[in-house]
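Some notes on the structure that comes next.
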Amino acid sequence: MGVKSKAAAAILVLLLFLGSLWLQGGLDYHWDTCLKGYNQVNKFHQLSNSSGADAAEGPRILEGCPGQTFQVSMLLTHLLAAPAYSSDVLLQPYLSSWDELVKFMESLGPMVGLISKEIETKTSVIRQLALLAEENPEAELSPDVHSINSGNTDVGTKNNAEASGHASAYHSVRSMIWVELNRGLVDFHHQTDSGCRTLLRLHRALLWLKLFLEKLAETPVAGRLRSPSELCREAYQRTLANYHTWFVRRAAELAFIAMPERGFFFRLVCVQNQDQLSTMLTRVVEAIEEVYNRTQKALEENGMLDLP
């Protein structure tokens with residue numbers, strides 16, 4: 001094998017390693033387990049990938065963007081459909097939002113796209129758990145499970161009554177937490193493939209993307225517009241870098257260097273300039289923030305922000 005071939009092979013190995021370690025930083029066993037156990041991800045009808053119009057739980061907010069795999073209109077539709085009851089998040093539109101965010105990352109080039117494969121694996125974990133729960137009637141919830149959502153208010157009572165009609169184990173973030181805690185599936189001391197632990201990794205990644213899009217939307221009154229590469233690196237350093245080893249942090253830097261320039265993002269969401277980009281991304285960031293805050297509250301209330 002020539003020198004160039006060896007170098008290319010080494011780079012490929014590095015990128016694959018980066019993709020598998022991206023969210024948790026070094027859990028090789030988890031990557032292997034996910035690949036072996038959760039490949040049948042699209043069989044669960046409620047949590048299936050939602051590229052089709054019939055899967056959206058709300059009206060389309062914007063027109064589609066011709067020629068693009070990633071559709072910001074679909075992302076907004078799913079994000080706005082996710083909040084439910086007084087403080088819950090529906091898992092179907094939540095995971096559908098991630099489907100669209102994966103397309104967003106894949107559009108940024110092969111290096112960033114490899115990172116999205118790890119996220120796809122994690123959404124697959126929750127979808128497969130949902131499928132197994134539906135096949136097992138014992139996993140169904142009691143009618144009062146959603147009482148954890150909203151306290152003793154009249155509004156809460158109404159919400160609980162509505163929720164009981166959808167009492168499946170993986171219907172929402174809070175129903176998943178309730179079921180997995182009561183069935184002893186969450187381990188606070190050892191690494192597991194529980195839905196709650198998997199959700200926490202997605203939750204951390206969502207904050208990274210939220211901060212990146214928030215920074216990309218900023219229009220400085222004076223001075224230059226910073227490069228997307230620089231903004232993404234800064235968002236990473238404030239979020240996921242806190243959970244990664246030195247090696248993974250260095251490898252992440254390689255992915256950010258290869259990110260496209262700002263003009264690419266104009267085309268990606270079908271806008272003409274920075275002002276229009278700011279308007280569009282601000283709407284997305286606000287929708288992400290609502291979902292993120294609700295998930296953060298549910299995880300925090302149950303002591304799950306530091307699951308191993």
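FYI, it's all coordinate maths here, none of it is from the lab. All of these numbers come straight from a predicted model, not from anything done at the bench. Every residue, glycine among them, receives a Cβ derived from its backbone with ideal geometry; neighbour counts consider all protein chains shown.
Among the chymotrypsin sites (Phe, Trp or Tyr not before Pro) within the range 184-258, which fall in a DSSP loop and have no more than 14 other Cβ atoms within 10 Å of their own Cβ?
Working: sites: PHE188, TRP208, PHE212, TYR236, TYR243, TRP246, PHE247, PHE256; in loops: PHE188.
Within the range 184-258, the qualifying chymotrypsin sites (Phe, Trp or Tyr not before Pro) (loop, at most 14 other Cβ atoms within 10 Å) are PHE188.
Given H placed 1.01 Å from N in the peptide plane, which residues other than close sequence neighbours of VAL89 have an amide H under 5 Å from its amide H?
HN-HN under 5 Å from VAL89: ALA84, VAL173, ARG174.
Note the full-extension length gain between LEU132 and THR282 as 0.36 nm times their separation in residues minus their Cα-Cα distance, in nm to one decimal. Spell out each step's value before the answer.
Working: separation 150, 0.36 × 150 = 54.00 nm, distance 3.74 nm.
Computed gain between LEU132 and THR282 is 50.3 nm.
Hey, got a sec? Which trypsin sites (Lys or Arg not before Pro) in the range 198-241 land in a DSSP loop and have at most 13 other Cβ atoms within 10 Å? Working shown, then result.
Values: sites: ARG201, ARG204, LYS210, LYS215, ARG224, ARG226, ARG233, ARG238; in loops: ARG224, ARG226.
Answer by residue number: ARG224.
Kindly state, to the nearest 0.05, the FRET efficiency for ARG250 paired with LYS297, given R0 = 30 Å and r defined as their beta-carbon distance.
Values: r = 34 Å, r/R0 = 1.12.
Efficiency computed from Cβ-Cβ geometry: 0.35.
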